[in-house]
1. How long is the gain from residue 232 to residue 190 if the chain were fully straight, where each residue apart is worth 0.36 nm and the alpha carbon distance is subtracted?
2. As a footprinting exposure proxy, order 214, 155 by other Cβ within 10 Å, with the fewest listed first.
3. Along the Cα→Cβ direction, 7 angstrom out, place labels at residue 99 and residue 160. What is the inter-label distance in nm?
4. If packing is taken as the average count of other Cβ atoms within 10 Å, what order do 56-64, 263-271, 31-39 fall into, highest mean first?
5. Starting from the Cα coordinates of the chain, work out the convex hull volume and express it per residue in Å³.
6. At a threshold of 8 angstrom on Cα-Cα distance, excluding pairs fewer than six apart, so keeping six or more, what relative contact order does the chain reach in percent?
7. Just need the relative contact order of region 102-258 here, percent rounded to a whole number, with Cα pairs under 8 Å and 6+ apart.
8. Just to compare against my own numbers: the Cα pair-distance distribution for region 122-192, 10 Å bins, whole % per bin, please.
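FYI, it's all coordinate maths here, none of it is from the lab. Since the structure is predicted, the reported quantities are computational estimates derived from the model, not experimental observations. Methodologically, a virtual Cβ is constructed for each residue, glycine included, from the backbone with ideal geometry; neighbour enumeration extends over all protein chains shown.
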Ligand SMILES: *[C@@H]1O[C@H](CO)[C@@H](O)[C@H](O)[C@H]1NC(C)=O
């Protein structure tokens, strides 16, 4: 049987771990602070009713201290409410009774039929939100301008850091990635914090960003920024493509040193949670 890969958005999540103040005693997952990024692709009311999908998503989010969801279609907030309810009712002894909260942008987009929210779901015990900012520019370069969130986590060595999400429009990917430098300047001034991380589906590869485009992207040209997901990483679910669309970029040495070396990677949900592809397949 052939899988229709374009309907398998649940398979890949980006993951990165921050070093924590208490050194890891074992392989235990709770000794790291995990940040995840996930393009969930049209996560709307209908999909939220799919029990299997919600179950998978719940297990994914539960592995992260902070999880960025992109492409959330949730004008009245009911979809995320349902997801939080599912996450916060995880009670078996395998789980630790963590409580999750969310912070969301408003619906963003240029067409009424494609309005998407950025949503951060975070673990109350290890992270808190100390600021949020919807970036705007004139003229507006972004289709979905980054919604930056200032987080605090006593568990991490950096303590306070800014997450800047981007789900770019493929046709504008290079201009949007370049504009992230302006977002950087805005948020560092706003919160007086240089620990900034960019994450999301930038469409940073293949037809949308060629090698020669890099010199036109300040975050590539400036060595203060470290691209932790490299050009050779495949972040697409399709077997016949290999493109590094999803990325994580960190500013500065302080923040870079707070990242667990080589922890930035693609997490294959199907493989890791031992879910067959079929089970995470979404209805068309
Ligand atoms: C690179 O970015 C840093 C921000 O950390 C800035 O201070 C510096 O001027 C930039 N360098 C160039 C060449 O633009």
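1. Numbers: separation 42, 0.36 × 42 = 15.12 nm, distance 3.44 nm.
Gain in length upon complete extension: 11.7 nm.
2. Numbers: 214 16, 155 20.
Ordered from fewest to most neighbouring Cβ atoms within 10 Å, 214, 155 come out as 214, 155.
3. About 2.4 nm, to one decimal.
4. Details: 56-64: 21.0, 263-271: 17.1, 31-39: 23.4.
Ranked by mean Cβ neighbours within 10 Å, highest first: 31-39, 56-64, 263-271.
5. Numbers: hull volume 37.6 nm³, N = 284.
Expressed per residue, the convex hull around the Cα atoms of the chain is 133 Å³.
6. Values: 575 pairs, mean separation 60.6, N = 284.
It rounds to 21 percent for the chain.
7. Details: 296 pairs, mean separation 27.7, N = 157.
The value is 18 percent.
8. 19, 45, 26, 9
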